[in-house]
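Colleague: Once you've had a glance at the structure underneath, I'll fire off some questions.
Read-outs throughout are calculated quantities, based only on the coordinates presented, and are distinct from any laboratory measurement. Values in this document were obtained by computation on a predicted structure and should not be read as measured data. Don't worry about glycine lacking a Cβ; one is built from the backbone with ideal geometry, like all the others, and counts go over all protein chains shown.
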Amino acid sequence: MMQQAVSAVSGEPLLTVDDLVVEYPVGQKIVHAVSGVSLQIARGETLGLVGESGCGKSTLGRAVLQLRRPTAGRVLFDGHDLTTMHGDALRKMRRRVQLIFQDPIASLNPRRKIGDIVAEPLVIAGVKDPEKRKQLVEEVLSAVGLDPAIVVGRLPHEFSGGQCQRICIARALILNPEFIVCDEPVSALDVSIRAQILNLLEEMKGRFGLTLLFIAHDLAVVKAVSDRVAVMYLGRLCEVGPSEQLFARPAHPYTALLIEAIPVPDPDIRPTESVPVGEPPSPIAPPSGCRFRTRCPRADARCSAEVPELRAVAPGQFAACHHPLI
Amino acid sequence: MTDNVLLSVEDVVVDLPTPRGNLRAVDRVNLTLGAGQTLGVVGESGCGKTMLSRAILQLLPKKAKLSGRVRFDGEDLLRLPAEKLRQLRGRSLAVVFQDPMTSLNPVLTIGTQLIETLQEHLELDDAAATRRSVELLAAVGIPAPEQRLAQYPHQLSGGMRQRVAIAIALSCEPKLLIADEPTTALDVTIQAQILDLLAREQRRRHMAMIIITHDLGVVAGRTDEVAVMYAGRVVERAPTAALFKKMRMPYTEALLAALPRLDAAPHTPLPAISGRPPDPTRPLQGCSFAPRCRYAVARCRTEKPALEAAETSAHQFACFHPIEIREGAGA
Ligand SMILES: Nc1ncnc2c1ncn2[C@@H]1O[C@H](COP(=O)(O)OP(=O)(O)OP(=O)(O)O)[C@@H](O)[C@H]1O
Ligand SMILES: Nc1ncnc2c1ncn2[C@@H]1O[C@H](COP(=O)(O)OP(=O)(O)O)[C@@H](O)[C@H]1O
Ligand code: SF4
Ligand code: SF4
Ligand SMILES: [Mg+2]
Ligand SMILES: [Mg+2]
């Protein structure tokens with residue numbers, strides 16, 4: 001039921017995540033990083049994933065790509081279950097899916113030249129002809145707005161954060177993937193450079209026919225690029241819906257809180273102070289029932305007793321809340 | 001804005017020697033701040049915000065060369081002996097950095113750090129300093145403050161650490177708090193909480209504050225005045241309401257336009273500012289923004305516009321073709 005709820009995608013889903021669970025053992029305890037997340041992404045769609053630090057966004061992204069094997073659940077990519085794939089089969093599949101990280105500078109090997117960094121996926125994929133590799137590297141660097149003649153021989157520290165992110169994007173695109181997980185690709189960047197990179201991602205998406213899972217904690221950034229948005233809190237999905245609709249009429253109290261927290265560049269709008277003080281509880285011992293209840297202004301007895309399931313609140317919009325706002 | 005000037009920065013220049021040559025990080029900056037007022041300093045990474053705040057605090061790198069004047073609370077900071085400066089910094093002039101670990105000591109408990117700061121500047125015995133520490137932690141929204149005293153910084157989340165750094169900064173009731181990108185490393189919800197916390201404490205203590213950020217959205221509802229910096233210089237300066245009502249400097253306008261807006265439809269291309277700021281070791285002859293400015297004309301490339309006042313003396317900008325005048329001329 002939940003599956004059907006979250007799909008609501010037009011067209012065939014390229015990616016289906018089904019009841020995914022990821023746990024990290026720490027000592028005797030268990031970190032419940034992702035606890036039963038289901039979602040679908042249609043071919044050509046961008047799904048934004050938002051939530052506070054530590055809520056499990058990166059874990060979910062990495063588990064989708066099998067960089068971290070999930071504890072339970074399935075990940076279907078183009079009909080193939082990645083969670084049961086190993087060895088060569090998985091390696092082949094990995095060419096079709098890529099990852100872009102938050103910290104562009106740290107994700108580039110400081111001792112390797114840009115040309116080699118961008119060519120690396122080709123080497124791993126077994127493209128043996130150096131001329132062919134050189135040509136592909138030049139093409140993809142030009143595509144992301146860098147001049148290959150100037151950049152290939154240089155080292156990462158010679159580039160700014162924004163340029164390093166362009167290089168990371170080039171590296172992710174070089175195998176012509178179908179699907180990219182963008183894990184906070186602009187969080188470390190300045191406002192002006194952020195806009196350049198967001199525009200670049202949009203352009204590349206059109207040009208390479210990509211499907212994106214776009215992770216961020218900034219709702220305005222997510223809205224700028226996403227067709228639909230999924231909101232996550234402490235390992236679970238709170239709400240999923242078409243971007244415009246979700247922002248105009250959030251159903252989950254946590255979504256409303258996130259929207260309120262966005263700084264608005266208008267001095268007439270005094271920031272509200274209604275944002276509840278406090279931070280998310282520990283994922284080692286998440287609250288019973290609704291995980292948001294310790295910070296939720298609407299919480300009641302039912303919220304601590306019963307886990308809310310995702311339910312339709314409007315066409316295409318689903319919220320996991322006993323007392324939704326709409 | 002007020003006769004009661006707490007801080008005045010006059011013609012401050014910070015030069016840093018680098019292997020590529022001299023780097024002018026701050027270029028003839030003038031600012032004043034009244035007691036209890038809040039100033040926002042906005043600009044992109046590398047524009048000199050941190051060096052400016054370090055110049056005010058007299059905490060520049062050793063090799064840096066500073067000229068100009070910084071007057072704070074009646075004292076000329078550039079002439080103050082080191083010992084007096086140190087006292088001033090803990091006491092009436094406090095700072096919160098982007099990364100709270102810059103100001104927290106990783107091997108000391110939160111309690112030790114708070115109590116030491118309090119005892120260094122105020123004459124408090126152990127019991128009183130402990131009591132005060134608990135009050136401060138509670139005031140900055142830390143749950144179970146008594147228990148936190150025994151914890152180390154690494155045992156707290158980023159947001160909690162920033163709260164502790166704020167508690168330490170506030171501990172001696174400073175007259176001026178400089179917050180250098182206090183929330184850039186934090187999540188939006190935590191960011192809003194920390195900014196609210198700073199605003200509340202600022203009002204309560206009638207403390208002056210400088211908020212440094214790269215996000216115009218952060219200063220909009222929270223400051224009395226804004227100074228926009230570009231390539232080491234202040235390029236526009238105005239009361240906050242006036243600035244948002246009528247931006248004159250093309251750079252300020254571009255900075256605002258580049259922010260993703262919640263009221264825009266998804267997939268609307270963002271009006272990004274193309275290119276990057278100039279290499280600070282290779283200063284441009286004309287307006288530093290000229291290579292990225294869509295209104296630039298020949299004069300912009302050869303002559304540097306001075307920061308001048310428009311119709312009201314409070315609103316200054318450094319541009320030959322400020323936004324409204326250009327439109328009025330029908331160019
Ligand atoms: N290797 C690991 N071992 C143990 N716990 C981990 C590990 N990686 C992540 N966690 C924990 O799992 C939870 C989810 O982490 P994750 O990195 O997925 O969050 P996130 O939403 O991406 O956060 P951020 O916005 O800070 O990047 C957190 O509580 C985190 O501390
Ligand atoms: N310790 C240093 N030595 C040399 N140059 C520095 C040093 N710190 C900062 N800079 C340079 O000074 C300029 C201003 O830096 P900074 O004040 O940190 O900018 P912001 O805080 O606005 O990001 C930049 O060009 C930066 O690279
Ligand atoms: S289920 Fe209850 S606690 Fe959870 S968000 Fe809804 S009202 Fe709040
Ligand atoms: S002086 Fe010229 S280049 Fe500089 S901001 Fe004004 S119009 Fe643009
Ligand atoms: Mg993450
Ligand atoms: Mg800085």
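For every residue, the table says whether it meets (1) of a type in the set (A, V, I, L, M, F, W, C); (2) within 16 Å of ligand 4 (Cβ to nearest atom).
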residue	(1), (2)
B:Val42	yes, yes
B:Leu66	yes, no
B:Asp73	no, no
B:Asp99	no, no
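Colleague: Tell me the residue from B:Ile166, B:Ile142 that is of a type in the set (A, V, I, L, M), farther than 13 Å from B:Asp99 by Cα and buried (at least 18 other Cβ atoms within 10 Å of the Cβ), please.
Modeller: Answer to the check: B:Ile142.
Colleague: Another one. Quickly run through region B:218-245 and pick out the residues that are touching a residue at least 12 places away in the same chain (Cβ under 8 Å) and either surrounded by fewer than 23 Cβ atoms within 10 Å (Cβ to Cβ) or of a type in the set (Phe, Trp, Tyr) (or both). Please lay out each step first, then the result.
Modeller: So the first thing to find is which residues in region B:218-245 are touching a residue at least 12 places away in the same chain (Cβ under 8 Å), and the list is B:218-220, B:222-240, B:242-244.
B:Arg222, B:Asp224, B:Tyr230, B:Pro239, B:Thr240, B:Ala242, B:Phe244 - these are the residues of region B:218-245 that are touching a residue at least 12 places away in the same chain (Cβ under 8 Å) and either surrounded by fewer than 23 Cβ atoms within 10 Å (Cβ to Cβ) or of a type in the set (Phe, Trp, Tyr) (or both).
Colleague: When region A:17-53 is examined, which residues are found to be under 19 Å from A:Ala285 (Cα atoms) and either among the polar types (S, T, N, Q) or within 16 Å of ligand 6 (Cβ to nearest atom) (or both)?
Modeller: A:Gln28, A:Ser35, A:Ser53 - these are the residues of region A:17-53 that are under 19 Å from A:Ala285 (Cα atoms) and either among the polar types (S, T, N, Q) or within 16 Å of ligand 6 (Cβ to nearest atom) (or both).
Colleague: Only residues that are part of a loop (DSSP other than H, G, I, E, B) and either out of contact with any Asp or Glu (no Cβ under 8 Å at 6 or more places or on another chain) or at the interface with another protein chain (Cβ under 9 Å from one of its Cβ atoms) (or both): list them for region A:164-185, please.
Modeller: Result: A:Ile174, A:Leu175, A:Asn176, A:Pro177, A:Glu184, A:Pro185.
Colleague: Specify the residue that is surrounded by the fewest Cβ atoms within 10 Å (Cβ to Cβ); the eligible residues are those in region B:175-198 that are within 8 Å of chain A (Cβ to nearest Cβ) and within 22 Å of B:Leu93 (Cα to Cα).
Modeller: B:Asp196
Colleague: Take region B:217-237 and flag every residue that is more than 16 Å from ligand 6 (Cβ to nearest atom), within 13 Å of chain A (Cβ to nearest Cβ) and within 15 Å of the chain's Cα centre (by Cα).
Modeller: Hits for region B:217-237 are B:Gly217, B:Ala220, B:Arg222, B:Thr223, B:Asp224, B:Glu225, B:Val226.
Colleague: Tell me which residues, restricted to region B:131-146, are among the aliphatic types (A, V, I, L, M) and assigned to a helix (DSSP H, G or I).
Modeller: B:Val134, B:Leu136, B:Leu137, B:Ala138, B:Ala139
Colleague: I've got another one for you. Tally the residues that are facing another protein chain (nearest Cβ under 7 Å) and surrounded by 20 or more Cβ atoms within 10 Å (Cβ to Cβ), restricting the search to region A:228-263.
Modeller: Selection size over region A:228-263: 7.
Colleague: Something else about it: What are the pairs, 6+ residues apart or on separate chains, where a residue within region A:285-297 that is hydrophobic (A, V, I, L, M, F, W, C) has its Cβ under 8 Å from a residue that is within 16 Å of ligand 1 (Cβ to nearest atom) and not in a loop (DSSP other than H, G, I, E, B)?
Modeller: Cβ pairs passing all conditions: A:Phe292/A:Tyr233; A:Phe292/A:Cys238; A:Phe292/A:Tyr254; A:Cys296/A:Tyr254.
Colleague: Report yes if some residue within region B:279-296 is touching a residue at least 40 places away in the same chain (Cβ under 8 Å), in a loop (DSSP other than H, G, I, E, B), more than 16 Å from ligand 3 (Cβ to nearest atom) and touching a Gly at 6+ places or on another chain (Cβ under 6 Å); otherwise report no.
Modeller: yes
Colleague: Is it the case that some residue within region B:201-209 is on the phi < 0 side of the Ramachandran plot, within 12 Å of chain A (Cβ to nearest Cβ), crowded, with 24+ Cβ neighbours inside 10 Å and within 18 Å of the chain's Cα centre (by Cα)?
Modeller: no
Colleague: Just the residues that are surrounded by fewer than 17 Cβ atoms within 10 Å (Cβ to Cβ), away from ligand 2 (no atom under 16 Å from the Cβ) and closer than 26 Å to B:Pro19 by Cα, please, taken from region B:276-303.
Modeller: The answer is B:Gln285, B:Pro291.
Colleague: Residues in region A:112-122: is at least one of a type in the set (D, E, K, R), exposed (fewer than 13 other Cβ atoms within 10 Å of the Cβ) and more than 25 Å from A:Ala42 (Cβ to Cβ)?
Modeller: No, because not a single residue in region A:112-122 is of a type in the set (D, E, K, R), exposed (fewer than 13 other Cβ atoms within 10 Å of the Cβ) and more than 25 Å from A:Ala42 (Cβ to Cβ).
Colleague: So is B:Leu16 touching a Ser or Thr at 6+ places or on another chain (Cβ under 8 Å) and either part of a strand (DSSP E or B) or within 16 Å of ligand 1 (Cβ to nearest atom) (or both) or not?
Modeller: Details: touching a Ser or Thr at 6+ places or on another chain (Cβ under 8 Å): no; either part of a strand (DSSP E or B) or within 16 Å of ligand 1 (Cβ to nearest atom) (or both): yes.
So B:Leu16 does not fit the description; no.
Colleague: While we're on this one: Given (1) more than 20 Å from B:Met207 (Cβ to Cβ); (2) surrounded by fewer than 17 Cβ atoms within 10 Å (Cβ to Cβ), where does B:Ala35 come up short, assuming only one miss?
Modeller: If we test B:Ala35 against (1) more than 20 Å from B:Met207 (Cβ to Cβ); (2) surrounded by fewer than 17 Cβ atoms within 10 Å (Cβ to Cβ), just (1) comes out false.
Colleague: Would you confirm whether any residue within region A:204-216 is crowded, with 24+ Cβ neighbours inside 10 Å, more than 19 Å from A:Leu14 (Cα to Cα) and within 12 Å of chain B (Cβ to nearest Cβ)?
Modeller: Scanning region A:204-216, I find at least one residue that is crowded, with 24+ Cβ neighbours inside 10 Å, more than 19 Å from A:Leu14 (Cα to Cα) and within 12 Å of chain B (Cβ to nearest Cβ), so the answer is yes.
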